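The values are calculated or read from the model by the stated rules, or taken from the named source; none is laboratory data. These numbers come from a predicted model, not from an experiment. No Cβ is skipped: glycine too gets one built from the backbone with ideal geometry, and neighbour counts run over all protein chains shown. Remember, those area values only see protein heavy atoms, side chains included, never the ligands or the DNA or RNA. Shrake-Rupley method; radii C 1.70, N 1.55, O 1.52, S 1.80 Å.
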Amino acid sequence: CGFRLHGTTAVPKELKTLIVDSSDPYGPLTRAVRTQLRLNGVTIVKESANVRKDLPSLRLGTETVGRDTASIFQDGKAAEYQLVMRVTAQVLVPNKGIYPISVTVFRSFFDNPLAALAKDSEQSIIIDEMRTQAADKLVRKLLVVHAAEKEIAPAQSIPTTINDPRATTGPGSLGK
Amino acid sequence: LTGDTDKPVHIVSKNQSLDMQGNVATFTGNVIATQGSIKITADRVVVNRPGGDSKKTVIDAYGNPATFYQMQDNGKPVQGHASKLHYELANDFVELTGNAFLQQQDSSVNGDRITYLVKQQKMQAFSNTGKRVTTVLVPSQLQNKNSNVQVKKSN
Amino acid sequence: DDLASQCMLGVPEYTRPLVQGNANSLPVTIKSNQADSKFPDNAVFSGDVDIQQGNRRLRSDEVQLHQKQLNGQTTTVRTVDALGHVHYDDNQVILRGPKAWSNLNTKDTNVWDGSYQMVGRQGRGTGEQMELRDNSRYTILKDGTFTSCLPGSNSWSIAGSEIIQDRKEQLAEIWNARVKIGSIPVFYSPYLQLPMGDRRRSGFLIPNMKFANNSGIEFMLPYYWNIAPQADATITPHYIEKRGFQLQNEFRYLSKAGAGLMEFDYMGSDRVYRSRIEDGQYAGNPNDTKRWMFYWQHNGVYDQHWRFNVDYTRVSDPYYFSDLDSVYGNSTDGYATQKFSLGYADTNWDATLSSKQFQVFQLNSTNNVYRAEPQLDLNYYKNNLGPFDSHIYAQAVKFTNVNSNYPDATRLHIEPSINLPLANSWASLNTEAKLLATHYQQDDINWYNRQVDSNNQLRGTVNRVMPQFKTDGRVIFDRNMDWSPGYTQTLEPRLQYLYIPYRNQSDINVYDSTLLQSDYSGLFRDRSYSGLDRIASANQLTTGVTTRIFDNDLVERFNASIGQIYSFTPSRTGVTNNYFDGNKDNTGSIVWAGDTYWKINDNWSTRGGLQYDARLNSVTTGNAVLEYRRDADRVLQLNYRYTSPQYIQATLPNIQNPGYQQGISQVGATASWPFADSWSVVGAWYYDTKARQPADQLLGVQYSSCCYAIRVGYERKITNWDYTRDESKYDNQISFSIELRGLSSDYSLGTDKMLRQGILPYQPAF
């Protein structure tokens, strides 16, 4: 049925080695993103962006988690909560540009005031899982960056050697 | 300056014509008329001395433009120009008509017709319908620095 | 947006080229039909006089110019008196009146009983005497009025014996202020301040008035206190007609250790609360009807390593959020969370010390609420040990209970694990071996043991050691889709085997464990309970497949996943109190879960999820969302949520919410649409199909004009359960609020505020 091993939707070649920087380098989101990148065969370089100017860098932005009531019991108390996690980031590709990417993850879970401590630990498990899902989506969004890049001609196009048969003979012709 | 009108009138020009009994003298060509601190330059100047009385001399100067200059007692000059200058020495009355401009201390006026009583320093400016009188007051510090004449065309 | 640009049409713009430089060095040009002057002292200009200096211009029928040489000074002081149809304007303000005076040196200008209009922004009015001072920074009005309405609309105005508008501070101060709607005075205050821009400075904010049928007229007059560049506060006296007087204080701060917000609301006595205590609806002491709420939220990372978090809410009584409106809690909350945490994180280890306790509002519970005070979590990661990565997780926590009959406990836990992550661009296989060792020290367990049967007796000290083995592999195939060119489709099968031996844990009490919900991504979890008190045995194979479709910009437009857990041996914890635990025929394919997402086009998208549990032989949970979203103001969302009653009983064993036996089946619709750039209508309707009654109905209409916005809201929601009549108790609330507009740059149609008004606030589905 035409399926072959992961090609066009894999992490693009030029983003296979990149720098990861974040305002919270040791936080859980950065750790989740680094793990996902490694699980997708991406090598993360230790040096910072201003040391290695030739490498693309993934700069993690903000992570916001919202929680709202999604359904209620007949006494008006919350039955299910919906958690929404939004993560923004930027991909900086040397002499190509900066590409903003953002991902959103939704999860819901049942609340139970009589087991508040247990529900709180359930919520933190779910939030950790949402971070892994967000990191996974961020890695997959590198594709969009790859697609967008193709449209932009590389900034300094390497001059090709001109031995175009159609060029008219004699230096004068170049002068016109 | 006070006492200018008692001074003799000197007029220099390319050529002159005199009409003795009418007491009218006409000077044409780069005419420069001076009397005390008063100085008038014009293309054509008609000096009229009714009844030979030099006190009642009336000078009509025509130029493109004709200019007028007089030093005031407070050391600040009054100067102006117009197409036609009418100067009655007796009552120190100057009338500039036609694109008239008069500058005095740190303000200048221009309009179609300006009348100026030099002694009382009273000035009136008028404009024909549709035209406007423009007065410019220059802030005094600026005025001391560059006291050049501000030429303002009325619209 | 459109309303802003329309309002700006009614505001004069400064059209002349802006003149920079010191205004005093600029010449004054006077045009007139006639000029009579007596040099150097004064002059009279008549006939359509037009005086210009720098950015300032004064026109009138006649102008008298006076020039005085102050003794000893070189500068001549020039003042002008203007008479007849005076029109003054500069790049800040336009003044009109029959008579004016201006000092050309100091730029001070007065215009008598005329009108003024701000340039480039809304704001106009009249004044017996209008004075411009300090180069048009101050506009001082004697017996003047002010409004931000555009010329021709007198919706509201404020009259004052004296009004001082400070353009630099963006503030208007009004003495003997009389607020008028049209020409009817509705409010008086000896002194009133109005902000005139977005600048952060101390002062009163725009007052707000509200009417709600269960609280009567409400009036709020917020005062903004700009304490320091990194700290500010808003103190809002809030008068509620039927209840009393409340003071809401919100303090916001920024520091190196993170940003935070503290809110303290206090009400000395609440009349409605007292009457409900007196007629037995509420438990409480009728002569102490103080009601307060304290809220503290802080998140911060200091020096990249230290992490501080606080999420603390505490209220004076359990009914607080059902009775009083607050941004930090609503009537659906069953409890208030009180959590503190201090952490340190480094490249390959982190430690977090936290304390968690909860204020539960439901009174009929047995008050069995556990607290974790303190809890220490440690993580150590060591990657690239040859091909292996390793991770050690350790925890030490002390559990105490609000009801002292229940046992307290200290739990020590260590969980070393080693895994072999193999990955390339098209596949990954992660094999992990883990050891879970836990030690419990449970105190005063006698009362509890007397309540339970013999095979669930707690023991003082319990040690539980168990290994865990997991291997999780996935492969990604993709192909170009032939029936839509440029599109790519992937097929991502995933397989996970999990083995956890059985350990009898009936001698361990439940402190922080609850059965976890398994949507598709939950299938691949290695835990079926949260916390550590219940680690169920497992010998299961989880299989799943995901397919994604990318468009020609490689944007993911569609994905669908389905998976199932196939259990070889029943999952057990030794405790036999729910369907999922120890039931011997829980083998074979026990759980199915799937979810899908489809971005139909730029505006339409849909999302859904479904879980089926063979052990309960029913669909356990399901939800679906369809949303049309053109921009923040144009939204239509339809959603449905389902949970089977068996599933609720299985996962929330001690549940007491009435009607849970029927499960959840809630269909909802939310819509918001603006009309003619100034109206915006918002509606939300949630219906419980099992109880055949609406859960929440909300309608909001806001009319925003250039200088005011009126919002009318209606909400009918379930707030409680009537135990005597055994039915849901509804509360109708009609709210009406006025906002003064045109003072700051806020021209929003209020859509997002209205959408999030109800107990089931709108969540964008994408």
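Okay, here's what the table says:
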quantity	calculated
Partner aspartates and glutamates for C:LYS729 [C-alpha distance under 15 Å; skip if fewer than 8 residues away on the same chain]	A:ASP75, C:ASP323, C:ASP688, C:ASP696, C:GLU715
Semi-axes of the equivalent ellipsoid for the protein assembly as shown, Cα gyration tensor, largest first, Å	84, 39, 25
Total accessible surface hidden between C and A, rounded to 100 Å², 1.4 Å probe	7000 Å²
Overall dimensions of segment C:122-184 by Cα: Rg and Dmax, Å	11.2, 35
Sites C:VAL619 and A:ILE44 - FRET efficiency at Förster radius 35 Å, r taken between beta-carbons, to 0.05	0.25
Calculated FRET value between C:PHE675 and C:TYR191, using beta carbons and R₀ = 25 Å, to 0.05	0.05
Computed over segment C:669-766, Kirkwood Rh from alpha-carbon pairs, angstrom	14.7 Å
Surface share of carbon and sulfur [accessible, 1.4 angstrom probe, percent] for chain C	56 percent
Exposure ranking of A:ILE126, C:ILE734 by accessible area [1.4 Å probe, largest first]	C:ILE734, A:ILE126
Inter-chain shielding of B:102-115 (mean C-beta neighbours from other protein chains, 10 Å cut-off)	3
Those chymotrypsin sites (Phe, Trp or Tyr not before Pro) in segment C:1-97 that DSSP places in a loop and that have at most 16 other beta carbons within 10 Å	C:TYR14
With all protein chains modelled, accessible area of C:ASP41 [1.4 Å, Å²]	60 Å²
Taking N as its residue count, the alpha carbon Rg of segment C:409-448 over 2.2 N^0.38 Å	2.08
Dipole moment magnitude, nearest 20 debye, the protein assembly as shown about Cα centre, only Lys, Arg, Asp, Glu C-beta charged	2140 debye
Largest-first ellipsoid semi-axes for segment C:472-565, taking √(5λ) over the Cα gyration tensor eigenvalues, angstrom	39, 13, 7
In segment C:494-602, the trypsin sites (Lys or Arg not before Pro) that fall in loop regions by DSSP, at most 12 other Cβ within 10 Å	C:LYS584
Accessible area in the full protein assembly, largest first, 1.4 Å probe, for B:THR26, C:THR126, C:THR366	C:THR366, C:THR126, B:THR26
Length added when fully stretched, C:ARG133-C:SER454, from 0.36 nm per residue minus Cα-Cα	106.6 nm
Residues in segment C:554-569 reached by a label modelled at A:ALA148 [backbone nitrogen below 18 Å; 7 Å Cα→Cβ]	C:554-557
Length-normalised contact order for chain C - Cα pairs under 8 Å, 6+ apart - percent	6 percent
Low-density loop cleavage sites - chymotrypsin sites (Phe, Trp or Tyr not before Pro) in segment A:1-106, where at most 11 other Cβ are within 10 Å (DSSP)	none
Descending semi-axes in whole angstrom, ellipsoid equivalent of segment C:584-726, from the Cα gyration tensor	37, 23, 8
Accessible surface, the protein assembly as shown, averaged per residue in Å² (probe 1.4 Å)	45 Å²
C:HIS439 accessible area, assembled protein chains, probe 1.4 Å, Å²	60 Å²
Convex hull per residue volume in Å³, alpha carbons only, for segment C:515-580	102 Å³
Ranking by accessible area, most exposed first, for C:TYR640, B:TYR87 with a 1.4 Å probe	C:TYR640, B:TYR87
As computed over segment A:17-103, the Cα convex hull volume per residue (Å³)	108 Å³
Violating pairs (Cα-Cα greater than 23 angstrom) within the set C:LYS210/C:LYS339; A:LYS53/A:LYS96; C:LYS339/C:LYS434; C:LYS382/C:LYS434	C:LYS210/C:LYS339; C:LYS339/C:LYS434
Alpha-carbon centroid distance for the pair segment C:145-209 / segment B:64-106, whole angstrom	55 Å
Relative compactness, chain B, computed as alpha-carbon Rg over 2.2 N^0.38 Å	1.04
Percentage of interatomic Cα-Cα distances in segment C:133-227 larger than 15 Å	65 percent
Amide N of segment A:84-117 lying under 19 Å from the label point, which is placed 7 angstrom from the Cα of A:ARG67 along Cα→Cβ	A:84-87, A:105-117
Relative contact order (%) - segment C:468-519, alpha-carbon pairs under 8 angstrom, separation at least six	36 percent
Prolate/oblate/rounded call for segment C:11-104, Cα gyration tensor, a/c under 1.5 rounded	oblate
Stokes-Einstein diffusion coefficient of segment C:438-524, Kirkwood radius over Cα pairs, 4 °C, 1.567 mPa s, in µm²/s	73 µm²/s
